[in-house]
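*Asks:* Just dropping this structure here.
The values are calculated or read from the model by the stated rules, or taken from the named source; none is laboratory data. If you're wondering where the values come from, they're calculated on a predicted model, not measured in any experiment. Cβ coordinates were reconstructed from backbone atoms using ideal geometry, including for glycine residues, and neighbour counts include every protein chain displayed. The protein model used for the area step is the full one, side chains on, heavy atoms only, and it has no ligands, DNA or RNA in it. Shrake-Rupley method; radii C 1.70, N 1.55, O 1.52, S 1.80 Å.
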Amino acid sequence: MTEPRRIDFSALEPVSHDADVTDAETDVDGTRWALVTYAPGAGRAGWCDTPHSGYVLGGTLTYEFEDGREPLRLHPGEAFALPPQPRHRGRNDGDEPVRLFIIDALA
């Protein structure tokens, strides 16, 4: 059971899984909580099959899907849920950083 606690993302060491995409992340009872920033023009290189739930704080993020379905464009103030299939990857095609908060399963 989770004890009440505060999570200060600004105090976490950012990690980068792809060029110009940084995650400040922590484990909360077996789930990954992350504050993710995509620099302008940045995107995930590979396809992801981890389910995600999240909320866009700033910028516009586009998720494309491996099966070719219509991309999902997300704007500030919008939440999203991505199942494991179809595999997906995010990209910032805009000229300002994208910031989002996500919760997903740990590997």
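*Asks:* From the list GLU25, GLU66, exactly one residue is under 14 Å from ILE102 (Cα atoms) and touching a Phe, Trp or Tyr at 6+ places or on another chain (Cβ under 8 Å). Which is it?
*Replies:* One residue alone meets the criteria, GLU25.
*Asks:* Taking interchain pairs and intrachain pairs at least six residues apart, which have beta carbon atoms under 8 angstrom, with the first residue in the stretch 44-58 and without any contact (Cβ under 8 Å) to a residue 40 or more places away in the chain and the second exposed (fewer than 15 other Cβ atoms within 10 Å of the Cβ)?
*Replies:* ASP49/PRO84; ASP49/GLN85
*Asks:* On the given criteria, is LEU12 over 21 Å from PRO83 (Cβ atoms), touching a residue at least 40 places away in the same chain (Cβ under 8 Å), open to solvent by less than 80 Å² (accessible area, probe 1.4 Å) and out of contact with any His (no Cβ under 6 Å at 6 or more places or on another chain)?
*Replies:* It is false that LEU12 is over 21 Å from PRO83 (Cβ atoms), touching a residue at least 40 places away in the same chain (Cβ under 8 Å), open to solvent by less than 80 Å² (accessible area, probe 1.4 Å) and out of contact with any His (no Cβ under 6 Å at 6 or more places or on another chain).
*Asks:* With respect to PRO86, is the statement that it is open to solvent by 70 Å² or more (accessible area, probe 1.4 Å), touching a strand residue (DSSP E or B) at 6+ places or on another chain (Cβ under 9 Å) and free of Cβ contacts under 8 Å to residues at least 60 places away in the same chain true?
*Replies:* no
*Asks:* Still on this structure, I have one more. Having 1 or more residues that are polar (S, T, N, Q) is the bar; report the strands (runs of 3 or more DSSP E) wholly within the chain that clear it.
*Replies:* By residue number, 15-18, 21-28, 31-38, 52-58, 61-65.
*Asks:* So, one more: Could you tell me whether any residue of the stretch 63-71 is among the hydrophobic types (A, V, I, L, M, F, W, C) and within 14 Å of the chain's Cα centre (by Cα)?
*Replies:* For the stretch 63-71, residues among the hydrophobic types (A, V, I, L, M, F, W, C) and within 14 Å of the chain's Cα centre (by Cα): absent.
*Asks:* Has the stretch 28-38 got at least one residue that is more than 13 Å from the chain's Cα centre (by Cα), open to solvent by 20 Å² or more (accessible area, probe 1.4 Å) and either at pLDDT 95 or above or among the acidic types (Asp, Glu) (or both)?
*Replies:* There is at least one residue in the stretch 28-38 that is more than 13 Å from the chain's Cα centre (by Cα), open to solvent by 20 Å² or more (accessible area, probe 1.4 Å) and either at pLDDT 95 or above or among the acidic types (Asp, Glu) (or both).
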